[in-house]
1. Report the gain in length on full extension from residue 83 to residue 107: 0.36 nm times residue separation, minus Cα-Cα distance, nm rounded to one decimal.
2. What fraction, in whole percent, of alpha-carbon pairs in the range 2-121 exceed 25 Å separation?
3. Which length gain, in nm to one decimal place, applies between residue 150 and residue 165 when the Cα-Cα distance is subtracted from 0.36 nm times their residue separation?
4. Sort 58, 197 by Cβ crowding within 10 Å, fewest neighbours at the top.
5. Tell me, in nm to one decimal, what length is gained between residue 194 and residue 25 on full extension, where the rule is 0.36 nm per residue of separation less the Cα-Cα distance?
6. Expressed as a fraction of 2.2 N^0.38 Å, the rule-of-thumb size for a compact globular protein of N residues, what is the C-alpha radius of gyration of the chain?
7. Within a 10 angstrom radius of the beta carbon, how do 113, 144, 68 rank from fewest other beta carbons to most?
8. Kindly work out what percent of the DSSP beta bridges joining two residues of the chain are antiparallel, to the nearest 5.
Ligand SMILES: [Zn+2]
Ligand SMILES: [Zn+2]
């Protein structure tokens, strides 16, 4: 069994950007698989379809921003928006690793860390042991293939309620800040978001 919670190393594929996610445990976050069009377009933009599962899903762990630190290579952090209202999608310029999604403002106490930025099994613990299995899948209508047999269930109302309660708890305990992806003083994103035009988005 994993000793959880634990500190989990974060690393882009080439190792330039590194960080640490602290106090990670199944109850310390919210893991799900997203099959939405935009997550798939993000992977295509990065030419990293390898981060998607065979049905086009992205394995994501939402956790409090205050528990995520970037320790090296932050010059490679870049930010993309698929539209002018979209979430901020963060990646590295060095090796085009998707790292996280966030709201446009650091006031929203959540960072959605993408599996490709998390290092597992360095200490013998699998992703399932450290984060727990995914709690649900979302946007499965945009899946591009049959879902895996072991795919998590669609979300229930109870799951959304639990997620909201968790987020509120993080906010109350001050874990919403600081975000590693925003300037603590000005609240500005650490990289100026590149916003795709509708035709750039359509071409993805
Ligand atoms: Zn890299
Ligand atoms: Zn998505």
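Bear in mind these aren't lab numbers, they're just calculated from the coordinates by the rules spelled out. Here the structure is a predicted model, which is why all the values come from computation and not from measurement. FYI the Cβ positions are ideal-geometry reconstructions off the backbone, even for glycines, and counts take in every protein chain you see.
1. Once the chain is fully extended between residue 83 and residue 107, it gains 6.6 nm.
2. Looking at the range 2-121, the distances longer than 25 Å represent 17 percent of pairs.
3. 2.7 nm
4. Least crowded to most crowded, the residues run 197, 58.
5. Extra length available between residue 194 and residue 25 comes to 57.6 nm.
6. That ratio works out to 0.97.
7. Ordered from fewest to most neighbouring Cβ atoms within 10 Å, 113, 144, 68 come out as 144, 68, 113.
8. 85
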